Amino acid sequence: MAAARGISHEEIIRNVRAGKVAPVYYLMGEEPYYIDLLSNFLADTLLKPEERDFNLDLVYGADVNVNQIIELCHAYPMMADRRVVLVREAQAIRSLDGLEQYLAHCTPTTVLIFCHKNGALDKRKAAYKAIQQAGVIYENKRTPESQLPAFISDYARGKKVQMDPQAVRMLADHIGADLTRLAVETDKLIMALPAGQARITAEMVEELTGVSKDFNNFELQSALAMRDIFRANRIVKYYQGNPRGFALPVTLSRIFTFFSDVMLSYYAPDKSENGVAEWLGKPSWMVRYDIMPARRNYTGVKVMQILAEIRRTDGASKGVGGCKTPPGELLQELIFFILH
């Protein structure tokens, strides 16, 4: 069952549910969340709970070699239609040489699954070509920070729960680009919902995570977008008074990404809200709340100057030029430059 390199996790799930099961899956990439999601889905779907004890072989790459994996694949199922051989941490296997001989004549009742995190199988290897020919190769990239709000909203929606935009932004800013943690924290919020309630608010996120709904990087971004001098300075003062909850590199990254998006928005063929959202690949609500106000409040020249100043501030925070200015003061100087 040959598969295209660019196959998505959704396509794999749809195919398996439709009965299109490959003899081998190689799941690899920079985003562990989807590798775990797919491997768990495959194991849970291909075997009934009562079949798993005798028909699921779970091994780790550091503990096995390719010959041992092939030996497991040759075994036949017991009181079930198939066996599943699940190899976690496949990146630790010393060599997959010889796997191509097995894949040329796969055991029809065995499904072999490799989980290779934080990297990828060498595409020049014979094993890669053999897997591509016989089964499915799935490769992902690290999820950009700009896509985290969409991930959180979609994850909650899949659990029949809605999240307020501010709650989504707070959680994304608090956790960052760790999808597994984002899913776990969202599950905690869902479990904390009162009976009959299906909406997570910013107040809930504040109460359960300790993140302030009024003083965080997304609120700072919003204040800058609106060119709200009073609100932006309040947030800076809050950061200066709470240094343990403030990381200048994270804040600079957030502001830089935002103004980069603003700059890109000027080149959108369609300057409407929906047109800009499509151009940037962002949700309409995010464009409505921040990008569109910033387009009205800043010229393209000013945005270019802001991006240059953020880079300068980042260098100063790392001691470039012998700078020893505290992070809070560097941020204050940057925000003054942006707003004036």
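None of the figures in this text is laboratory data; all of them are computed from the coordinates on show. If you're wondering where the values come from, they're calculated on a predicted model, not measured in any experiment. Backbone-built Cβ (ideal geometry, glycine too); neighbour counts: all protein chains shown.
Tabulated data
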quantity: Local net charge near residue 327, Cβ-Cβ under 15 Å (Lys/Arg +1, Asp/Glu -1); calculated: +3
quantity: Charge dipole (the chain, unit charges on Cβ, about Cα centre) - positive-most of 201, 292, 243; calculated: 292
quantity: Farthest toward positive dipole pole in the chain [+1 Lys/Arg, -1 Asp/Glu at C-beta], among 77, 113, 340; calculated: 340
quantity: Computed magnitude of the charge dipole of the chain (debye, nearest 20; Cβ of K, R +1, Cβ of D, E -1); calculated: 780 debye
quantity: Mean-position separation - Cα centroids, the stretch 187-201 and the stretch 11-41, in angstrom; calculated: 29 Å
quantity: 5 angstrom amide H check on residue 140, placed H, neighbours 5+ away; calculated: 28, 29, 30, 31
quantity: Theoretical FRET efficiency, 1/(1+(r/R0)^6), r = Cβ-Cβ of residue 101 and residue 180, R0 35 Å, to 0.05; calculated: 0.50
quantity: Dipole of the chain [Lys/Arg +1, Asp/Glu -1 at C-beta], most positive-end residue of 91, 162, 65; calculated: 162
quantity: Measure of compaction for the stretch 217-339 (Cα Rg per 2.2 N^0.38 Å); calculated: 1.08
quantity: Around residue 65: net Lys/Arg minus Asp/Glu count, Cβ-Cβ under 13 Å; calculated: -2
quantity: DSSP-defined beta bridges in the chain - what % are antiparallel, rounded to 5; calculated: 5 percent
quantity: Cβ charges +1 (Lys, Arg) and -1 (Asp, Glu), total dipole of the stretch 255-340, debye; calculated: 140 debye
quantity: Above-threshold pairs, the threshold being 25 Å between Cα atoms, out of 188/318; 160/282; 188/213; 213/237; calculated: 188/318
quantity: Prolate/oblate/rounded call for the stretch 9-140, Cα gyration tensor, a/c under 1.5 rounded; calculated: rounded
quantity: Test item: Cα-centred dipole of the stretch 56-127, Lys/Arg +1 and Asp/Glu -1 on Cβ, debye; calculated: 240 debye
quantity: The chain, relative contact order [Cα under 8 Å, separation at least 6], %; calculated: 15 percent
quantity: Among 177, 104, 277, residue whose mean-square fluctuation peaks in a GNM of the chain (springs only between Cα atoms under 10 Å); calculated: 104
quantity: FRET efficiency estimate (nearest 0.05) - Cβ-Cβ, residue 63 to residue 145, R0 35 angstrom; calculated: 0.50
